[in-house]
Ligand SMILES: NC(=O)c1ccc[n+]([C@@H]2O[C@H](COP(=O)([O-])OP(=O)(O)OC[C@H]3O[C@@H](n4cnc5c(N)ncnc54)[C@H](O)[C@@H]3O)[C@@H](O)[C@H]2O)c1
């Protein structure tokens with residue numbers, strides 16, 4: 001399939017201008033654009049520019065509010081309860097993470113719940129802010145109900161993502177960033193958009209609850225949790241931390257990101273940071289991380305594998321490659337972005 005390569009800077013500029021045209025401030029638009037382009041740079045295309053149309057539409061029709069700042073509604077030294085005011089999820093999430101990092105410098109750790117949230121994209125973009133400050137970052141969100149609980153046939157849980165980032169000395173930070181479904185649903189949407197006929201059988205079930213390899217049937221059915229009941233349990237706990245504890249809607253009740261342009265999503269987030277220096281000197285911890293990750297890297301590869309990676313390594317490597325060679329976009333995404341540019345008066349770069 002033919003692909004077009006464009007530089008991250010070009011795509012970020014186009015995306016920022018388009019989101020400003022939709023109604024976001026320059027800073028909000030740049031923040032959202034940064035998160036989307038980062039996803040494409042890392043090969044997480046399910047959370048990249050294929051979603052731009054929906055983000056722009058949600059702003060334009062008023063269910064995502066521009067110019068909103070996070071509002072602290074309750075606090076303790078190491079805990080903040082925040083109202084996200086239906087602002088853009090990336091914008092609110094970054095500011096909340098900055099608050100947590102600032103507090104963790106004083107208290108050793110700080111965590112925040114956020115209600116009235118909107119889709120915040122790739123969770124790593126928040127946890128890596130903490131890692132860059134010598135802290136361990138945590139980010140979770142719930143998402144629309146697309147996933148069945150183990151043994152169920154109705155989607156009542158989201159693919160609730162979890163990210164943890166850890167500074168790792170000479171290595172780039174360890175970044176676990178994962179959906180609690182086997183894969184993010186965006187991968188099936190993208191497969192269908194790109195005309196692919198099959199997906200692996202452990203990704204999703206059809207509307208009757210049977211495993212399916214057909215992307216169209218999978219989109220009518222539901223996602224499966226990763227690792228059976230363990231993924232189900234983790235997704236449920238995330239829903240409880242982000243929504244049960246914040247007052248946001250649980251996955252079963254949040255509004256559909258793709259289809260509902262009348263109501264705010266009211267998702268919940270749980271974000272935070274542990275300040276390593278309050279537990280042990282940061283250089284000592286980083287040396288320990290170098291030893292731990294060095295042991296992973298030294299593990300002899302199994303047949304069919306060339307090396308062992310640590311979490312986040314593959315994405316960081318792709319990011320470096322795509323920063324050099326440009327981001328490859330498929331024809332369906334290019335067509336959509338070109339049309340979208342026309343609708344918002346911002347020409348898509350050719
Ligand atoms: N905002 C939302 O509502 C939402 C919902 C779901 C997912 N997401 C995002 O979607 C993205 C993709 O999630 P996913 O679960 O499909 O990702 P994935 O399955 O590609 O990767 C999950 C994790 O496993 C690691 N990994 C993968 N292969 C590896 C290997 N061979 N060795 C070592 N580590 C390896 C990755 O580095 C990553 O940390 C994430 O950025 C997530 O935040 C967001």
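Between residue 61 and residue 317, with labels modelled 7 Å along Cα→Cβ, what's the label distance in nm to one decimal, could you check? Taking the two extended label points, one gets 4.2 nm.
Decide, for region 260-310, between rounded, prolate and oblate: order the square roots of the alpha carbon gyration tensor eigenvalues as a ≥ b ≥ c, take rounded if a/c falls under 1.5, and otherwise choose prolate if a/b is larger than b/c, else oblate. List each step's numbers first, then the result.
On the way: a/c = 6.94, a/b = 1.43, b/c = 4.85.
It is oblate, given that a/c is not under 1.5 and a/b is not larger than b/c.
By the beta-carbon count within 10 Å of each Cβ, the least crowded to most crowded order of 16, 57, 198, fewest first, is 198, 57, 16.
Please give the contour-minus-distance gain from residue 256 to residue 106: 0.36 nm per residue of separation, less the Cα-Cα distance, rounded to one decimal in nm. Before the final figure, lay out the partial values.
Values: separation 150, 0.36 × 150 = 54.00 nm, distance 3.86 nm.
50.1 nm is the gain from fully extending residue 256 to residue 106.
Region 104-150 to region 44-75: how many Å between their Cα centroids? That distance is 16 Å.
As a length-normalised measure over Cα pairs under 8 Å and 6 or more apart, the relative contact order of region 16-65 settles at 34 percent.
Across region 224-350, Cα pairs under 8 Å and at least six residues apart give a relative contact order of 11 percent.
How would you classify region 241-288 from its alpha-carbon gyration tensor, with a ≥ b ≥ c the square roots of the eigenvalues: rounded for a/c under 1.5, else prolate if a/b is greater than b/c, otherwise oblate? It is prolate, given that a/c is not under 1.5 and a/b is the larger ratio.
Pairs of Cα atoms nearer than 8 Å and 6+ residues apart set the relative contact order; for the chain it is 23 percent.
Per 0.36 nm of contour for each residue apart, how much would the distance between residue 343 and residue 76 grow if the chain were fully extended, relative to their Cα-Cα spacing? Don't skip to the answer; put the middle values down first.
On the way: separation 267, 0.36 × 267 = 96.12 nm, distance 4.63 nm.
Fully extending the segment from residue 343 to residue 76 adds 91.5 nm.
Placing dummy labels 7 Å off each Cα toward the beta-carbon, the span from residue 25 to residue 198 is 5.1 nm.
Once you sort the root eigenvalues of the Cα gyration tensor of the chain as a ≥ b ≥ c, which label holds: rounded (a/c under 1.5), prolate (a/b larger than b/c) or oblate (the other case)? Don't skip to the end; give the middle numbers.
On the way: a/c = 1.22, a/b = 1.13, b/c = 1.08.
Rounded.
Stretched out straight at 0.36 nm per residue, the stretch from residue 5 to residue 54 would grow longer than its current Cα-Cα span by 15.4 nm.
Each reported figure results from applying straightforward, stated rules to the coordinates on display, with no laboratory input. Nothing here was measured: the structure is a model prediction, and the numbers come from that model. Cβ: placed from backbone, ideal geometry, glycine included. Neighbour counts: every protein chain shown.
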